[in-house]
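Let me begin by presenting the structure, written as structure tokens, before commenting on it.
The values are calculated or read from the model by the stated rules, or taken from the named source; none is laboratory data. Model, not experiment: these values are computed from the prediction. Positions of Cβ are backbone-derived with ideal geometry, glycine not excepted, and every protein chain shown enters the neighbour counts. Ligands, DNA and RNA are excluded from the accessible area calculation, which covers all protein heavy atoms including side chains. Shrake-Rupley method; radii C 1.70, N 1.55, O 1.52, S 1.80 Å.
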Amino acid sequence: MGQVLWLDRLSRWLLAGVMLAAGFPKLLSPISFAEVIEAFGLIPDFLVLFAAITISIIELIAAFLLIRGK
């Protein structure tokens, strides 16, 4: 049982680390991330910057919740 808890915690922290490493640069440079989103052409142009900021914030919140264990 202790190994499962340890493995669970380690995997959550590793995934959170990846999400933090990916989310912070996106949030610090939302225009660059918006250009990447815009290249896919999936959402209207007027929503691209909003989507870039929102996705970055959600990614950071998810990383925080993984660290907290929720």
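Residues in region 1-42 that are under 20 Å from SER56 (Cβ atoms), part of a helix (DSSP H, G or I) and among the small types (Gly, Ala, Ser) were compared, and the one that is most open to solvent (accessible area, probe 1.4 Å) is ALA39.
Being open to solvent by less than 80 Å² (accessible area, probe 1.4 Å), hydrophobic (A, V, I, L, M, F, W, C), in a helix (DSSP H, G or I) and in contact with a helix residue (DSSP H, G or I) (Cβ under 8 Å, 6 or more places away or on another chain) is true of ILE57.
Residue-by-condition table, conditions (1) among the polar types (S, T, N, Q); (2) modelled with pLDDT under 95; (3) more than 13 Å from the chain's Cα centre (by Cα); (4) on the phi > 0 side of the Ramachandran plot:
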{"position": "GLY2", "(1), (2), (3), (4)": "no, yes, yes, no"}
{"position": "ASP8", "(1), (2), (3), (4)": "no, yes, yes, no"}
{"position": "VAL18", "(1), (2), (3), (4)": "no, no, no, no"}
{"position": "GLU38", "(1), (2), (3), (4)": "no, no, yes, no"}
{"position": "ILE43", "(1), (2), (3), (4)": "no, no, yes, no"}
{"position": "LEU47", "(1), (2), (3), (4)": "no, no, yes, no"}
{"position": "PHE50", "(1), (2), (3), (4)": "no, no, yes, no"}
{"position": "ILE57", "(1), (2), (3), (4)": "no, no, no, no"}
